[in-house]
Amino acid sequence: MVEQVRARLPEDVLWDFLRGALMTRALAIAADLGIAGSLVDGPRRVDELARETGADPDRLRRVLRALASDGMFEEVEPGLFANTEASAMLAGADGWGDFTHLFGGVWYRAVGALEATAGAPAFQQVFGAEFWSWLAEHPDERAAFDRAMVQNWQVRAERLSTIEWRGDETVVDVGGGNGSMLLALLQQQPRLRGIVLDLPETVRDEAALAEHRIAFVAGSFFEGVPAGDVYLLSTILHDWDDEPAAAILRTLHAGATDHARLIVIDAVVEPGNEPDGAKWLDLLLLATFAGRERDEAQWRALLDETGWEPVRLTDGLIEARRR
């Protein structure tokens, strides 16, 4: 007998939207306390977790109980909690714990100030500085940001596997953070050489990069880029509005050879009303960096005005050549 799935009632849809901020903050509390890591060996009682983390037992149980009600952790019996497949991701090395920390921390505060009126990004209004300069002055948050950017790297690496690589090319990962994306690529394509370009305060292991034929170059992608055959922008351009994004692409164009290629890993927003995480991420970008996600027409216009000719434009992967 086939079980019928009940259609969501209008009040269910509305309630999910209303409680969203609570879910984000509750999950960040659990992530910052390292609860998922404390449960990797099996269920534990909330009193024990509270003693280890310095939390109040009653408050911690209520936070975990709410999260468990939607599949994030499991309350095996009253006061006894275990990981689910979803919560276990917070204990992994793929950046989800740090991503959760940011979402429920500084980004949460910025989103709380988001308005539809024009003006400076909400982050700047709350913290008194634009995001990137603030990040440079807070090394712990900078390190968390760099680790968070590793999340979902497998998906991005899979997209890069669809590129036709010549094999002897030098790939410049522009704004490449700690180099994790380039490391994954060179594991797929061992004949390639790599360069990571990012700000000097970026947290990275240069010795580990060097072992895989990757050099780190400290610098700003607004000022210049190292010579290379392929320029990779992995979730970089969506951090910027059109004018600074165009400036980045012009910098790459000025430093590139006539036959250089550009690879952009970013969303291409689809029309219509189907669920689309990029449309929600667009609001986070609006609140924090004054960035934006772009649809196909916006991408084509941005590339065209900066001297790049798109040769492939799909959601998540854009290829272009220098014109």
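The values are calculated or read from the model by the stated rules, or taken from the named source; none is laboratory data. Note that the structure is a prediction, hence the values are computed from the model and not measured. Here the Cβ is made from the backbone with ideal geometry for all residues, glycine too, and neighbour counts use every protein chain on show.
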Subject >> Members of region 75-110 that are buried (at least 19 other Cβ atoms within 10 Å of the Cβ) and over 16 Å from the mean Cα position of the chain (by Cα) >> reply: 81, 83, 87, 110
**OP:** With the condition kept exactly as written, say whether any residue in region 15-28 is in a helix (DSSP H, G or I), among the charged types (D, E, K, R), more than 27 Å from residue 145 (Cα to Cα) and within 26 Å of the chain's Cα centre (by Cα).
**Re:** yes
Original post:
Of (1) touching a helix residue (DSSP H, G or I) at 6+ places or on another chain (Cβ under 9 Å); (2) surrounded by 17 or more Cβ atoms within 10 Å (Cβ to Cβ); (3) farther than 21 Å from residue 151 by Cβ; (4) at pLDDT 95 or above, residue 286 satisfies all except one. Which?
Top reply: (3)
**OP:** Kindly list, by first and then second residue, each pair from a residue in region 196-221 that is β-branched (Val, Ile, Thr) to a residue that is in a loop (DSSP other than H, G, I, E, B), limited to pairs with Cβ atoms under 7 Å and residues at least 6 apart or on different chains.
**Re:** 196/176; 196/179; 202/177; 202/178; 203/178; 214/179; 217/226
Original post:
Does residue 28 satisfy the criteria of being surrounded by 12 or more Cβ atoms within 10 Å (Cβ to Cβ), hydrophobic (A, V, I, L, M, F, W, C) and touching a residue at least 12 places away in the same chain (Cβ under 8 Å)?
Top reply: yes
Original post:
If we only count strands (runs of 3 or more DSSP E) wholly inside region 122-230, which ones have 1 or more residues that are surrounded by 14 or more Cβ atoms within 10 Å (Cβ to Cβ) and among the hydroxyl-bearing types (Ser, Thr, Tyr)?
Top reply: 170-174
Original post:
Right, residue 175: more than 22 Å from residue 89 (Cα to Cα) and assigned by TED's automatic domain parsing to the domain that holds residue 306 or not?
Top reply: yes
**OP:** State which residue is surrounded by the fewest Cβ atoms within 10 Å (Cβ to Cβ) when the search covers only region 111-121 and only residues that are assigned to a loop (DSSP other than H, G, I, E, B) and in contact with a Leu (Cβ under 8 Å, 6 or more places away or on another chain).
**Re:** 114
**OP:** Look at region 35-50 and say how many of its residues are surrounded by fewer than 20 Cβ atoms within 10 Å (Cβ to Cβ) and in contact (Cβ under 8 Å) with a residue 40 or more places away in the chain.
**Re:** 3
Original post:
Which condition does residue 260 not pass, out of (1) at pLDDT below 95; (2) under 28 Å from residue 293 (Cβ atoms), if it passes all the others?
Top reply: (1)
